[in-house]
């Protein structure tokens, strides 16, 4: 299986790429470094990437900028960044990517737990990730040729908390998050949001 992994240089992206590369051909794509790069905020950049890569069996997008901040301090620009990049960027990856997806292929986008378990500082992000979940659920009803689309909704990642110097005991390890992306790619679900949260 040929899998396109966008956002492969991030904490989650590296874990997903390492897991899937054990059994599949993974084309790793970064934002600014690596053999292939893409700016998902730019439709022409997305189109150029797919023209270079060609047909794929699965697309995973783990990219998208978000803005943390208290509501009183958020500006229109903060919300625009989330909507134009985290949300529309991933939507455009899916819209363009469908053209390059093999029959019965899958697309997996990334939302986040701020959609259903928000906490202070996630107001802007919650809007974007909720939109991702709504998009994949509606788009799934229209896909043809057995193609599927899902989202993975990760909780806060342990390695990120470690990097911030915070208590990481409630963080979900990136390797665990990666298994949900694998399940999306290899399973039969369509229009499903995989909650990648800390398991007991």
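Only the coordinates and a few stated rules stand behind these numbers; no lab work does. If you're wondering where the values come from, they're calculated on a predicted model, not measured in any experiment. Virtual Cβ from ideal backbone geometry, glycine too; neighbours counted across all protein chains shown.
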Practice problem: May I ask you to compute the full-extension gain from residue 77 to residue 166, defined as 0.36 nm times their residue separation minus their alpha-carbon distance, rounded to one decimal in nm? | Solution: 29.2 nm
Self-check item: Sorted by Cβ density within 10 Å, fewest first, the residues 88, 68
Solution: 68, 88
Self-check item: Options (i) 0.95; (ii) 1.00; (iii) 1.05 - which one matches Rg/Rh (Cα atoms, Kirkwood Rh) as calculated here
Solution: (i)
Quiz item: For the chain, what is the mean residue ellipticity at 222 nm derived from helices alone (per DSSP H run of n ≥ 4: -39500 (n - 2.57); sum divided by total residues; nearest 500 deg cm²/dmol)?
Solution: -11000 deg cm²/dmol
Exercise. Subtracting the Cα-Cα distance from 0.36 nm times the residue separation, let me have the gained length for residue 2 to residue 96 in nm, one decimal.
Key: 32.1 nm
Self-check item: Difference of contour (0.36 nm per residue) and Cα-Cα distance, residue 197 to residue 68
Solution: 44.5 nm
Quiz item: If R0 is 25 Å, what FRET efficiency do you get for residue 179 and residue 25 from their C-beta distance, rounded to 0.05?
Solution: 0.85
Quiz item: Given the C-alpha centroids of the range 52-83 and the range 6-32, what is the distance between them in whole angstrom?
Solution: 18
Exercise. Compute the relative contact order of the chain as a whole-number percentage, counting only Cα pairs closer than 8 Å that sit 6 or more residues apart in sequence.
Key: 21
